[in-house]
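Participant: Take a look at the following structure, please.
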Amino acid sequence: MTFDAAAYKTSTREQWQTAAAAWHRWGPQLEDWLGEATELMLDLAGVRPGSRVLDIAAGAGGQTLAAARRAGPEGAVLATDISPAILEFAAAEARRAGLGNVTTSEQDAERLNVHPRSFDAAISRPKRSARSKHSRTCSRCEASSCSQWGIPPTTSAPASRAATIRS
Ligand SMILES: C[S@@+](CC[C@H](N)C(=O)[O-])C[C@H]1O[C@@H](n2cnc3c(N)ncnc32)[C@H](O)[C@@H]1O
């Protein structure tokens, strides 16, 4: 049986569109579980006041908000995800927390459309869910210096620091 990368991507998106509300509902438990590791990820990525952070496969925004708090009003976080439904939860949580430095963008992590040098740091939590080892972009990525982060070259090139939490 051959692997259909396009069908896999489509079904991944559909699944997360459907699962968005449930993932958001589990947000407090997730932060309880992943909070410490998230802070470590932000440390490793060098996120500090004024940082411009790219969050890949941001989901309902748990780590987005943590990064936005660190980056502060002088910084910014762009939360990207393949599912627009889950990004609505991230945007709503950012508004609810009074974080005006968060924006969201529907994007496939394997084909990120971001401006070169727009970010100081790139984060992703957990890493594995955001990529398929079968995809064209990731097979290119394997050979590049960014493969250790699992982040496509278009992202890691402008980011001076990148860190992920592996699932
Ligand atoms: C396990 S959730 C993690 C969400 C969030 N980072 C967290 O830790 O709470 C995985 C997320 O990856 C997103 N995702 C899966 N494949 C993706 C892709 N190819 N590009 C962008 N996002 C993707 C899903 O929509 C989902 O929001």
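Participant: Being outside any loop (DSSP other than H, G, I, E, B) and of a type in the set (A, V, I, L, M) is the filter here, so list the residues in the range 60-86 that pass it.
Facilitator: Residues satisfying the conditions are LEU65, ALA66, ALA67, ALA68, ALA71, ALA76, VAL77, LEU78, ALA79, ALA85, ILE86.
Participant: While we're on this one: Tell me which residues, restricted to the range 42-60, are on the phi < 0 side of the Ramachandran plot and within 10 Å of the ligand (Cβ to nearest atom).
Facilitator: ASP55, ILE56, ALA58, ALA60
Matching residues to (1) touching a residue at least 60 places away in the same chain (Cβ under 8 Å); (2) within 28 Å of SER11 (Cβ to Cβ):
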position	(1), (2)
HIS24	yes, yes
GLY27	yes, yes
LEU30	no, yes
LEU54	yes, yes
ALA67	no, no
GLY75	no, no
ALA91	no, yes
ARG96	no, no
ALA121	yes, no
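Participant: Something else about it: Can you name the residue in the range 87-118 that is part of a helix (DSSP H, G or I) and of a type in the set (A, V, I, L, M, F, W, C) and, of all such residues, is farthest from LEU65 (Cα to Cα)?
Facilitator: The selected residue is ALA109.
Participant: Another one. Which of (1) surrounded by fewer than 20 Cβ atoms within 10 Å (Cβ to Cβ); (2) touching a strand residue (DSSP E or B) at 6+ places or on another chain (Cβ under 9 Å) is the odd one out, the single condition ALA58 does not satisfy?
Facilitator: (1)
Participant: Which residue is farthest from ARG13 (Cα to Cα), if the candidates are limited to the range 123-146 and must be buried (at least 19 other Cβ atoms within 10 Å of the Cβ) and modelled with pLDDT of 50 or more?
Facilitator: Only one residue fits best here, namely ILE123.
The values are calculated or read from the model by the stated rules, or taken from the named source; none is laboratory data. Everything quoted here is computed from the prediction, not taken from an experiment. Virtual Cβ from ideal backbone geometry, glycine too; neighbours counted across all protein chains shown.
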